[in-house]
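A quick write-up on the structure given underneath.
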Amino acid sequence: MTTQQILLGSRPEGLPVAGNFLFSETNLSDIEKSEVLLKGLYYSVDPYMRGRMNDRKSYTPPFELNKPIVGGVVAEVVDSKAKEFKPGDFVLGTLPWQKSMISPAKGLQKIDTKIAPASYYLGILGMPGLTAYFGLMDIGKPKAGETVVISGAAGAVGMVVGQIAKLQGCKVIGIAGSDEKIKLLKEGYGFDNVVNYKTVPDMKKEIAAICPDGVDIYFDNVGGSISDAVISNINFYARIPLCGQISLYNTTEQPTGPRLQPMLLTRSVLMQGFIIFNYQARYAEGFQALSGWVKEGKIKFTETIVEGFEKLPEALIGLFSGNNTGKMIVKAIE
Ligand SMILES: NC(=O)c1ccc[n+]([C@@H]2O[C@H](COP(=O)([O-])OP(=O)(O)OC[C@H]3O[C@@H](n4cnc5c(N)ncnc54)[C@H](OP(=O)(O)O)[C@@H]3O)[C@@H](O)[C@H]2O)c1
């Protein structure tokens, strides 16, 4: 049997382009003991994948040239020689960008579609949701009445952070890149205020105006000048969970920003980077909290679902121009 796949054809300079991806076909052999044959249903595109397109050592190894891109995928088991899975099961795994794939059963997680739609396991009930939960609760340590500012607020991680912070009794301010996103966060998700960083002329002044008591927690998804502006308004003993720096992922030269360390030092601020894998031993705790809030209707979630396996490169590139609200997902349609 042959199946379509998408390979990394070349490494991007700056923003990735369609030409960095190669469409190809591969043969699938018969499955062996402890293996399953899978059909991809939902494919996750995530900002961290941009880092893996570089030939640079990081916390995950680079994607290899002329090999399939690999990412989070929800798939259906078509055939199984593994005792853990039977045809018809839905699984979550780190799998190649292929329409069908053979995988060892080890490393696959069976998902329960009675709790939530299968695609939620790539979003609120998966890596982004867990990132929001542990970044905010473990590093941010929110207390009722505190002011929490979130950059990338209308994305998969950001919209969950804001809602968890509201559940903790915080005042929640988002930063996002379109008026539609701002309307959704304010009217649909209970954010107290949201700033459009693309239209506000002076972010530092704007944050000062809408956070008269200063910023106690800054959940940073974005970095760059947005973070400079927020950190200028940071309070004594504030916490900064350093989750992502998407504004810098495509830069070809290292930008120089204001030196923030004097502010962090004099105001006794904690800024801590983290990678969600650090919390692997506590995923069950995060999943229980998130799935509980989803079931009780206390947290809502938005997905941007792009249809068609061949749209994967376009969807990934689209993250860097804000084409998504909530989790960006590609759905295979045949
Ligand atoms: N530490 C970890 O373990 C971990 C895990 C997951 C994610 N992350 C990080 O968390 C961040 C959010 O991830 P996500 O999966 O939730 O992605 P996402 O927010 O759903 O998608 C990316 C969003 O970033 C915004 N953006 C893109 N370029 C920007 C720029 N130059 N300046 C400001 N905003 C920009 C866009 O929204 P706008 O329309 O608002 O511009 C876009 O929709 C990323 O930085 C990611 O790398 C970290």
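The values are calculated or read from the model by the stated rules, or taken from the named source; none is laboratory data. The structure displayed is predicted, hence computed values, not measured ones. Please note: Cβ atoms are built from the backbone with ideal geometry, for glycine as well, and neighbour counts cover all protein chains shown.
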Residues to consider are LEU316, LEU265; find the one that is at pLDDT 95 or above, hydrophobic (A, V, I, L, M, F, W, C) and surrounded by 15 or more Cβ atoms within 10 Å (Cβ to Cβ). LEU316
Give all pairs with beta carbons closer than 6 Å in which a residue from segment 36-61 that is of a type in the set (Val, Ile, Thr) meets a residue that is in a loop (DSSP other than H, G, I, E, B); count only pairs at least 6 apart in sequence or on separate chains. VAL36/ALA82; VAL36/PHE85; VAL36/ALA105
Residues being near the ligand (Cβ under 9 Å from one of its atoms), aromatic (Phe, Trp, Tyr) and within 17 Å of ALA332 (Cα to Cα) - total across segment 33-52: 0
How about segment 209-225: which of its residues are hydroxyl-bearing (Ser, Thr, Tyr) and not in a helix (DSSP H, G or I)? TYR218
State which residue is farthest from the ligand (Cβ to nearest atom) when the search covers only segment 168-203 and only residues that are of a type in the set (A, V, I, L, M) and in contact with a Lys or Arg (Cβ under 6 Å, 6 or more places away or on another chain). VAL172
Of the residues in segment 21-45, how many are crowded, with 18+ Cβ neighbours inside 10 Å and among the polar types (S, T, N, Q)? 1
Exactly one of (1) outside any loop (DSSP other than H, G, I, E, B); (2) of a type outside the set (S, T, N, Q); (3) out of contact with any Leu (no Cβ under 8 Å at 6 or more places or on another chain); (4) more than 26 Å from PRO68 (Cα to Cα) is unmet by PHE287. Its number? (3)
Which count do you get for residues in segment 168-179 that are in contact (Cβ under 8 Å) with a residue 40 or more places away in the chain and touching a Pro at 6+ places or on another chain (Cβ under 9 Å)? 1
Filter segment 227-236 for residues that are of a type in the set (A, V, I, L, M, F, W, C) and not in a helix (DSSP H, G or I); which is surrounded by the fewest Cβ atoms within 10 Å (Cβ to Cβ)? PHE236
Mind counting the residues in segment 187-222 that are without any contact (Cβ under 8 Å) to a residue 60 or more places away in the chain and farther than 23 Å from PHE301 by Cβ? 14
Residues of segment 319-334 satisfying the condition of being assigned to a strand (DSSP E or B) and either more than 17 Å from MET101 (Cβ to Cβ) or at pLDDT below 95 (or both): GLY326, LYS327, MET328, ILE329
Here the residues within segment 232-258 that are away from the ligand (no atom under 12 Å from the Cβ) and over 26 Å from GLY14 (Cβ atoms) are SER232, ASN233, ILE234, ASN235, PHE236, TYR237, ALA238, ARG239, ILE240
So which residues in segment 108-124 are within 11 Å of VAL294 (Cβ to Cβ), surrounded by fewer than 21 Cβ atoms within 10 Å (Cβ to Cβ) and in contact with a strand residue (DSSP E or B) (Cβ under 8 Å, 6 or more places away or on another chain)? none
Return a yes/no flag: does segment 237-252 have any residue that is farther than 30 Å from MET53 by Cβ and either surrounded by fewer than 15 Cβ atoms within 10 Å (Cβ to Cβ) or in contact with an Asp or Glu (Cβ under 7 Å, 6 or more places away or on another chain) (or both). yes
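Every residue, every condition in (1) part of a helix (DSSP H, G or I); (2) at positive phi; (3) buried (at least 23 other Cβ atoms within 10 Å of the Cβ); (4) not hydrophobic (A, V, I, L, M, F, W, C), yes or no:
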| residue | (1), (2), (3), (4) |
| --- | --- |
| TYR133 | yes, no, yes, yes |
| ASP138 | yes, no, no, yes |
| ALA144 | no, no, no, no |
| VAL149 | no, no, yes, no |
| GLY162 | yes, no, yes, yes |
| ALA165 | yes, no, yes, no |
| GLY169 | no, yes, no, yes |
| GLU187 | yes, no, no, yes |
| ILE207 | yes, no, yes, no |
Go through (1) over 25 Å from ILE115 (Cβ atoms); (2) more than 10 Å from the ligand (Cβ to nearest atom); (3) in contact with a strand residue (DSSP E or B) (Cβ under 7 Å, 6 or more places away or on another chain) and name the single condition GLU307 misses. (1)
Say whether the condition of being within 23 Å of the chain's Cα centre (by Cα) and of a type in the set (Phe, Trp, Tyr) is met by at least one residue in segment 91-102. yes
